[in-house]
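Report on one structure; see the data block that follows.
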């Protein structure tokens, strides 16, 4: 029932960052509403909080620290939104996509590895002890989640026998991948939360290091980093849909609308989990990632490969 | 201009506040936090995040210098308030918002800061900052204040000092690597931190090699507003303190919803709201904390040893040999259990665990044990340990025995 | 036309950032200048039609540069990242060698009579490239990767100054092990 994916002209690429930022704003609004509810304020005021935050940060002056590596700092701060935009280029909205790459799955993986560099550059650029600790905490977390993420990304590609996102969507016509690859789906969701430095994996920006990466950034830089976090989280949520949740498949509504609805649901789940779970410490997480999560990911790929070979 | 005033109006609905708490003025701080929650404002984690600097109490000399340094680090637009009595709190904050929105004043402030007229520029003098008290986030201080400069260049450069700060020296660290030795003072203003505490650490990487702790005092400890010394008020203060300590530890562990619940219970208790269902709420929170596997896993193996165990731990009847096996999570659960117990008793009956414990003595012991406790711990664990101690810096400041090596 | 222009731009970028690795003062900047150079090469590979290999090159190289930042601080401290540091040794000989190698390779690239193309490129360039390089030895190549990984891990384990007996006691029975930082599973 899904139509084949066609690549639209590059002129439409202007809409990509706009759509991404709108979604990110919606996610931030949901976050604000949840925070408002927890302190007993009306939900609507919380949903308006991101706009207030944007206004506040636009008015704020930029912080400069002594001997800061300004070039690397600004690159790290500004790069997050760029990376998020690049990520969604391969995600199909219904039958349309901006870049019909043959290796769309690997493209997504490449872009989220860029985030390693960007977060470290933000931590490094500030020339401040807490920021640097935050940057290195992110790297230690990244080393733990990256291999399971790679295997979780390969699993749908194995089942679809192709790295092209359109083929992965087409291969889910009978049964969505989330049903017979739940481990890969869970690992993917956990990794999206981890590379956005979000919720249980927000150790790099934790309050025990006075905000970590965000300690010394203010003004436009802070706005770019916070927007970038939401944008990357949204891009990850959006990619989960064609990869595991059947793309645009669904009754009644057109494909592209289903894409948006499913992305919104996944993003809402990610935002809701942010404050409800204690932060995971990267030094403890390393053993769990390598001893439990990675073998689970490998087993999942093995099971899927056997099923695919058998059919 | 229309856009500027619109931005200012929107920005004023969510002000970020950096709170400087003076030891002994914790009730002011808690009332301020409750007011911030009511307005939907946020608490800033660092000066770069803050628009408003709120000093709760009357600081002593060193603490005032520290808050001035923080004031310097606030990017504009900025304003500051001093919170000493709870009565005028709302009006103070409203005036602060008006000041923030006053664009001409803020522009003037920004211009004055960019063109310092004094010849002592506070951002360039590294040596002077060695003796000043400052918080660990400031990069104007000796972030790289080492003993000798690193001898690693072959280019013949003599005493390189990027930004006027000497480079760090090297030293063998815990794992056998040769890492830079960094002198970083933690405090006196950090999120979820005992007020007025300064821990001067020697860091290698993020591992604390050695530490020294001291407490900065209030301006005159006798001026601390004392509540009436009745049993009921005493009990109420104790419950408030326990909830506050629990909220801090939970927030440091990253569990925001549980920390928020503890904070609300604290605020309800502080404001004297009807507490008939407080016992049930505290018990619910305690059970939630007990049930959380993730929290148990996160906090496992962080032991406080014999410090602070006797009075408040969950295992009040354990023989001394088992004290070392009590970890921070048990402390946390013990606090919540004690708070529930106190909220449930109608008379001023003291629970058996706290009898005979002098708060000043306990705080003194805890401060004395801090350097040894922090040795070899990484920053995150160190913050959890300090929060787990539940240091009562107000009691320390009042006895005028602030410094300890 | 666009391809030619972008090829030359990318070539200049990758050489310039390669030079920047040795010219800039800070180790952090040197690391990421190297990353930029590799990214330029990766994009060039994508332009040639080898999409998978180009994108994988970018992925691996950026990840490596991020890991290099860890090693940089582990073994060199922060100082080389902050102050002008001359990291080159044996300048004269290495310059001679470098220039000589460049001249040799450039001469080869320009002067060798490359054969004209016969036929059309394969539909799946990556698969045909893989078969051309590895051919009948594909299975051996597949098993080499886990063997390499195991070698790296084994090397690290051997180098670690603290062995089993330090961690688990003389009878290998102490649980949890005696580590400076407690692991997540008590292993």
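Just so you know, all these numbers are worked out from the coordinates, no wet-lab data involved. Since the model is a prediction, treat every value here as computed from it, not as a measurement. Backbone-built Cβ (ideal geometry, glycine too); neighbour counts: all protein chains shown.
Brief remarks follow.
- Here is the P(r) of the protein assembly as shown: all C-alpha pair distances, binned every 20 Å from 0, give 13, 44, 34, 9, 1, 0 in whole percents.
- Kirkwood-based Rg to Rh ratio, region B:1-58, C-alpha trace: 1.08
- nm² value of the averaged projected area, convex hull over the Cα atoms of region A:109-231: 8.0 nm²
- Inter-part distance where region C:109-187 and region A:234-311 are each reduced to a Cα centre, Å: 26 Å
- Inter-chain neighbour count for B:188-194: the average number of beta-carbon atoms from partner chains within 10 Å of each residue's beta-carbon is 3.
- Shape of region C:105-173, Cα gyration tensor, a/c cut at 1.5: prolate
- As a calculated quantity, the FRET efficiency between residue A:22 and residue A:180 at R0 = 45 Å, using C-beta atoms, amounts to about 0.85.
- Here the spin labels are modelled as points 7 Å beyond Cα on the Cα-Cβ line, and at residue B:294 and residue C:158 they lie 4.1 nm apart.
- Highest-MSF residue in chain C out of C:71, C:165, C:32 [GNM, Cα springs under 10 Å]: C:165
- When the convex hull of its Cα atoms is projected in every direction, mean area for region C:9-62 (nm²): 3.3 nm²
- With all pairs of different C-alpha atoms in the average, the Kirkwood value for the hydrodynamic radius of region A:144-209 is 13.1 Å.
- Peptides B:30-39, B:209-218, B:17-26, ordered by how many other C-beta atoms sit within 10 Å of their residues on average, highest first, read B:17-26, B:209-218, B:30-39.
- Convex hull volume per residue, computed on the Cα atoms of chain A, equals 131 Å³.
- Taking every Cα-Cα distance in region A:1-64 and sorting them into 10 Å bins from zero, the calculated P(r) comes out as 19, 28, 27, 17, 8, 0 percent.
- Gyration tensor (alpha-carbon) shape descriptor, region A:42-162, a/c threshold 1.5: oblate
- Look at the stretch A:33-42: the mean tally of other chain Cβ atoms within 10 Å of its residues' Cβ atoms is 4.
- Principal axis dimensions, largest first and in whole angstrom, of chain C by Cα: 70, 49, 31
- Shape of region A:26-110, Cα gyration tensor, a/c cut at 1.5: oblate
- Alpha carbon convex hull of region B:253-298, volume per residue in cubic angstrom: 58 Å³
- Only helices enter this figure: runs of n ≥ 4 DSSP H residues, each worth -39500 (n - 2.57), summed and divided by the residues of the protein assembly as shown, yield -18500 deg cm²/dmol at 222 nm to the nearest 500.
- Here the Gaussian network model covers chain A, with springs between Cα atoms less than 10 Å apart; of A:224, A:294, A:71, A:71 fluctuates the most.
- Taking only the Cα atoms of region B:1-128, the radius of gyration and Dmax are 15.4, 46 Å.
- GNM flexibility winner over chain C from C:169, C:119, C:49 (Cα, springs under 10 Å): C:169
- Radius of gyration, Dmax [region A:77-121; alpha carbons; angstrom]: 11.5, 37
- Residue C:103 versus residue C:148: modelled label distance in nm, points set 7 Å from Cα along the beta carbon direction: 3.4 nm
- Between helix C:51-76 and chain C: long-axis angle, C-alpha atoms, 0 to 90°, nearest 10: 40 degrees
- Counting Cβ atoms of other protein chains within 10 Å of each Cβ in C:62-69 and taking the mean gives 6.
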